[in-house]
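Participant: What follows is a single structure, and I will ask about it in a moment.
The values are calculated or read from the model by the stated rules, or taken from the named source; none is laboratory data. As the structure is a prediction and not an experimental result, all values here were calculated from the model. Please note: Cβ atoms are built from the backbone with ideal geometry, for glycine as well, and neighbour counts cover all protein chains shown.
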Amino acid sequence: MTQENENTTHFGFETVREDEKAGRVRGVFSSVARKYDIMNDVMSGGIHRLWKDAMMDWLAPRPGQRLLDVAGGTGDISFRFLKRAGRGQATVLDLTEPMLIEGRKRAEAAQMSDSLDWVVGDAMALPFEDNTFDVYTISFGIRNVTRPQKALDEAYRVLKPGGRLMVLEFSQLPNPMMQAAYDAYSFNVIPRMGQMIAGDRDSYQYLVESIRKFPDQDTFLGMVRAAGFENAKYRNLTMGVAALHSGWKL
């Protein structure tokens, strides 16, 4: 994560004080919460569903596991996890309460209510004891955290020995021409979609910019290892538009 000094960070392409970022991120997701799931389908042409399925394929949830889904928003990952596991417990944690409210409205939430908890909280200061969870996931959320390394450190703390980290995030295409084409689509189309569908261009402009500020696959892999995770690896999805990072607390 780029930091001009210890007191500043980025909010998209804008430099802001660290203590401002969480509030501004909360504002973005509060604004788009009601249309968030629809926009994910429209922006990606539904491909985000395939990416999340690939995440579950690699994760291979097992019956009885306890999941912490950070920046879990409307519960997409938790619902998938519980369906794959058959039985288990998922805690959806998000900084933005309106996102959790939208998640609780989904049909899956009613069907799985006994297996789900919804918690408002900060990825950098998780309100859980050490060695609590079997699996930690964060999907398209870590780039919005003020200090991603701190979030990874917290993930390591709350996982049990033998626990698994998995991060799904937008990433960088290795081919410059393909990256340029993707950038042209992102900057010219996605904010307009945000205006048309969610009535909010600025929030989707931020989301596009935040992708460009996030570390590339290998740099982020180094951050996962720095948090203490072993057997850390990543897989590119759709040629690097997104990437899955995995690590173990051993």
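Participant: Tell me yes or no: at least one residue of the stretch 12-28 is within 18 Å of V167 (Cβ to Cβ), in contact with a helix residue (DSSP H, G or I) (Cβ under 6 Å, 6 or more places away or on another chain) and either in a strand (DSSP E or B) or at pLDDT below 95 (or both).
Facilitator: Yes, because at least one residue in the stretch 12-28 is within 18 Å of V167 (Cβ to Cβ), in contact with a helix residue (DSSP H, G or I) (Cβ under 6 Å, 6 or more places away or on another chain) and either in a strand (DSSP E or B) or at pLDDT below 95 (or both).
Participant: Can you pull out the residues in the stretch 162-219 that are within 30 Å of Q65 (Cβ to Cβ) and without any contact (Cβ under 8 Å) to a residue 60 or more places away in the chain?
Facilitator: Residues satisfying the conditions are Q217, D218, T219.
Participant: Right, another one. Condition check: in a strand (DSSP E or B), crowded, with 21+ Cβ neighbours inside 10 Å and touching a strand residue (DSSP E or B) at 6+ places or on another chain (Cβ under 8 Å). Does V92 satisfy that?
Facilitator: So V92 fits the description; yes.
Participant: Also: Restricting the stretch 191-239 to residues that are in contact with a strand residue (DSSP E or B) (Cβ under 7 Å, 6 or more places away or on another chain) and of a type in the set (K, R), which is farthest from S171 (Cα to Cα)?
Facilitator: That would be R225.
Participant: Out of the stretch 95-134, which residues are part of a loop (DSSP other than H, G, I, E, B), out of contact with any Lys or Arg (no Cβ under 7 Å at 6 or more places or on another chain) and hydrophobic (A, V, I, L, M, F, W, C)?
Facilitator: Answer for the stretch 95-134, where residues must be part of a loop (DSSP other than H, G, I, E, B), out of contact with any Lys or Arg (no Cβ under 7 Å at 6 or more places or on another chain) and hydrophobic (A, V, I, L, M, F, W, C): M112, A123, L126, F128.
Participant: Output the qualifying pairs, or none if there are none: Cβ atoms under 7 angstrom, residues six or more apart or on different chains, first residue in the stretch 15-35 and more than 18 Å from Q149 (Cα to Cα), second residue exposed (fewer than 14 other Cβ atoms within 10 Å of the Cβ).
Facilitator: Close Cβ pairs satisfying both conditions: T15/E4.
Participant: With D53, D37 as the choices, which residue is within 17 Å of the chain's Cα centre (by Cα), acidic (D, E) and surrounded by 14 or more Cβ atoms within 10 Å (Cβ to Cβ)?
Facilitator: Step by step, each of D53, D37 is checked, and only D37 is within 17 Å of the chain's Cα centre (by Cα), acidic (D, E) and surrounded by 14 or more Cβ atoms within 10 Å (Cβ to Cβ).
Participant: Hey, another quick one. What do you reckon, is T74 surrounded by 14 or more Cβ atoms within 10 Å (Cβ to Cβ), β-branched (V, I, T), within 18 Å of the chain's Cα centre (by Cα) and outside any helix (DSSP H, G or I)?
Facilitator: Answer is yes for this residue.
Participant: I'd like the full set of residues that are among the hydroxyl-bearing types (S, T, Y) and within 19 Å of W58 (Cβ to Cβ), limited to the stretch 137-155.
Facilitator: Matches in the stretch 137-155: T137, S139.
Participant: Counting only residues that are in contact (Cβ under 8 Å) with a residue 60 or more places away in the chain and assigned to a helix (DSSP H, G or I), which one in the stretch 51-68 is nearest to L159 (Cα to Cα)?
Facilitator: L59
Participant: Say we look at the stretch 240-250 and pick out the residues that are assigned to a strand (DSSP E or B) and more than 19 Å from Q172 (Cα to Cα); which of these is nearest to the chain's Cα centre (by Cα)?
Facilitator: Restricting to residues being assigned to a strand (DSSP E or B) and more than 19 Å from Q172 (Cα to Cα), the top hit is G247.
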